[in-house]
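Read through the structure below, which is laid out as structure tokens, and then see the notes.
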Amino acid sequence: MISRRIAPGHLAAGALLLAGTGMRLWQYLGNASLWVDEIKLARNIAERPLPLLVTAPLDWHQVAPPGFLALVRLLVDRFGPDERVLRLVPLVAALLALPLFWAITARILAGTAQVVARVLFAFSYSLVWYGSQVKQYSSDVLIALALTLIALELPGRVRNGGWPLLALVVGPLACWFSTPAALVLAGLGVSLLTEAPPRDPVCRRKVLTVLVVWAAGAVVAGGVAMRAIAPETHNFMQSYWRHAMLPLPPWRLIDVAWPVERLGSIFAGSGLNYAWPGLQLALAVIGFTTCFRSHRGHALALLGPIAAALLAALLHLYPFAGRLLAFGMPALIIGLALGIARVAELVRSRTALPAVLVHGALLMPALGPMLLAPPVYRPEEVRPILAYLVSQRRPEDPVYVYHGAGWGVDFYGPVVGLVDSGVTRGGGHRDDRSAYLAELDQFRGRGRVWLVFSHDDNQERCLMLDYLDVIGRAADSLVVPGRIPVHPVHGAAVYRFDLSEPARLRQADARTFPLDWESKRAAECRL
């Protein structure tokens, strides 16, 4: 019998692949409660007929590609609207993205740069979390990787006389499953034009045929997608993502640096969430410069989609921000890995120790979020706090629901058995916070009053709780803090107060309680 020894490099690649798979399954199997944006999209998917789901504007300012919506809806029809069913398509996309990224890095990277890129991809906080959200960001990553790999393989195929049938089919089809696929195709098209041999008319004709088919597919899919966005949703998106599109007109000096600031933001909290994003951007610039010198086609294939997205943001067609740029994160990770490897190479001496130390020092800011806060990420754990409320509530107990928690109550209330009788929904009063206190005054004299909070302005929660501490007594609570390393989130909570003591009730009311009250929860409120 002949024994075959596995090369150390293959063993390391396999171990990292398993580690990345494990991180994504860890998050998925943790089964965190859906947060507000997931609930909005999940309700569109579960409550609409399939034809209406994929052709009409979505409710509640939601936008998603029809192919993604159809896949999730087919699973919901078969298995029901459980969280794990709703998140199955993003999970599968996240898992399939791993071997595709491995294939791309095997083609364009070598040595430590390849290992560093795979480590960063496997342990990316953002990519792990996207793989367990009822959103299309994970499939955006998968489709961008698939298109990039096809584009890298296409020049060699046409030079060898083959027709790029896969590219002709997958390119237009991708635009129905990923909104930014059109940007990816545009960026990859530029790299393919540079790679097509000018003295080989047959090869160039094949490449141009692919690009024409891609452009036609993107235009058709884009036109359908624009018709499926309600005018009010378009206006909302333009306002919400205003910071992620070039200010018009760009009169201020800072506007000139807007593209650099936006590129750096992709490494920051709302994107890859790396420490010292400026350093990460500088390393990526070094990496892409190195790549461009060694293989211009590879550099253009990686940077082209990001450049197309930046141009779209300049034209106010697509926001250049955070999770909407998930499709470009693998390319930025490759650039960062090349930069780290290049800096380590510059400090290499007769021994390997300096290079090892540089690799470790430069990797830590990128791996820090995952090392300090591994899964499971839970932004708004509404399910357990409502289950606790149901287990402790008496039939006559009133329940006040803070307006931001209404989405969670609507989705999880029926699941845990929360009946709507006796439940009061609060309103949003950001411009007049005394109105929150007026809503609470309707429960004066009641011995057992429950309050439900999630997706809240923490200062509003603190103001309301402080007011209740003055006019009543806290009797019970369950607080589940939010847990994501992007920005502070306040999680979900349920409180019970006794508002039946006349002496306490005389101390204040909504009209007399000072809104600039020095909260005993001041540190919490400053989060």
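Side notes on the structure shown:
- Among the residues of region 384-411, those that are surrounded by fewer than 22 Cβ atoms within 10 Å (Cβ to Cβ) and assigned to a helix (DSSP H, G or I) comprise Pro384, Ala387, Tyr388, Val390, Ser391, Gln392, His403, Gly404, Gly406, Asp410.
- Scanning region 343-361 for any residue that is farther than 17 Å from Phe267 by Cα, touching a residue at least 60 places away in the same chain (Cβ under 8 Å) and open to solvent by 60 Å² or more (accessible area, probe 1.4 Å) turns up nothing.
- Restricted to helices (runs of 4 or more DSSP H) entirely inside region 149-257, those with at least 1 residues that are modelled with pLDDT of 90 or more and under 24 Å from Arg107 (Cβ atoms) are 165-174, 181-195, 201-227.
- Single residue of Ala215, Ala275 found to be among the hydrophobic types (A, V, I, L, M, F, W, C), surrounded by 14 or more Cβ atoms within 10 Å (Cβ to Cβ), within 26 Å of Ala174 (Cα to Cα) and touching a residue at least 12 places away in the same chain (Cβ under 8 Å): Ala215
- Candidates Pro488, Pro502, filtered to the one that is farther than 23 Å from Gly427 by Cα, out of contact with any helix residue (DSSP H, G or I) (no Cβ under 6 Å at 6 or more places or on another chain) and at pLDDT below 85: Pro488
- Of the residues screened, Leu325 is not one that is of a type outside the set (Asp, Glu) and open to solvent by 10 Å² or more (accessible area, probe 1.4 Å).
- Selection from region 51-69 of residues that are of a type in the set (A, V, I, L, M, F, W, C) and either surrounded by fewer than 17 Cβ atoms within 10 Å (Cβ to Cβ) or in contact with an Asp or Glu (Cβ under 6 Å, 6 or more places away or on another chain) (or both): Leu52, Ala56, Trp60
- Any pair with Cβ under 8 angstrom, 6 or more apart, that starts in region 457-470 at a residue that is open to solvent by 10 Å² or more (accessible area, probe 1.4 Å) and ends at one that is assigned to a helix (DSSP H, G or I) and of a type in the set (Ser, Thr, Tyr): Leu463/Tyr436
- Helices (runs of 4 or more DSSP H) wholly inside region 13-116 containing at least 2 residues that are farther than 21 Å from Glu380 by Cβ: 50-55, 66-79, 88-108
- Every pair of residues 6+ apart whose Cβ atoms lie under 7 Å, when the first sits in region 13-34 and is farther than 28 Å from Thr112 by Cβ while the second is open to solvent by less than 30 Å² (accessible area, probe 1.4 Å) and charged (D, E, K, R): Tyr28/Arg87; Asn31/Glu83; Ala32/Glu381; Ser33/Glu380; Ser33/Glu381; Leu34/Glu83
- Cβ-Cβ under 8 Å pairs, at least 6 apart or on other chains, region 279-306 side surrounded by fewer than 23 Cβ atoms within 10 Å (Cβ to Cβ), far side of a type in the set (Lys, Arg): Ile286/Arg342; Thr290/Arg342
- Given (1) at pLDDT 95 or above; (2) crowded, with 17+ Cβ neighbours inside 10 Å; (3) basic (Lys, Arg), number of the condition Arg473 does not satisfy: (2)
The values are calculated or read from the model by the stated rules, or taken from the named source; none is laboratory data. For clarity, every value in this text was computed on a predicted model and none was experimentally measured. In this analysis, Cβ positions are derived from the backbone assuming ideal geometry, glycine residues included, and neighbour counts consider all displayed protein chains. Quick note on the areas: whole protein, heavy atoms, side chains included, nothing else; ligands and nucleic acids left out. Shrake-Rupley method; radii C 1.70, N 1.55, O 1.52, S 1.80 Å.
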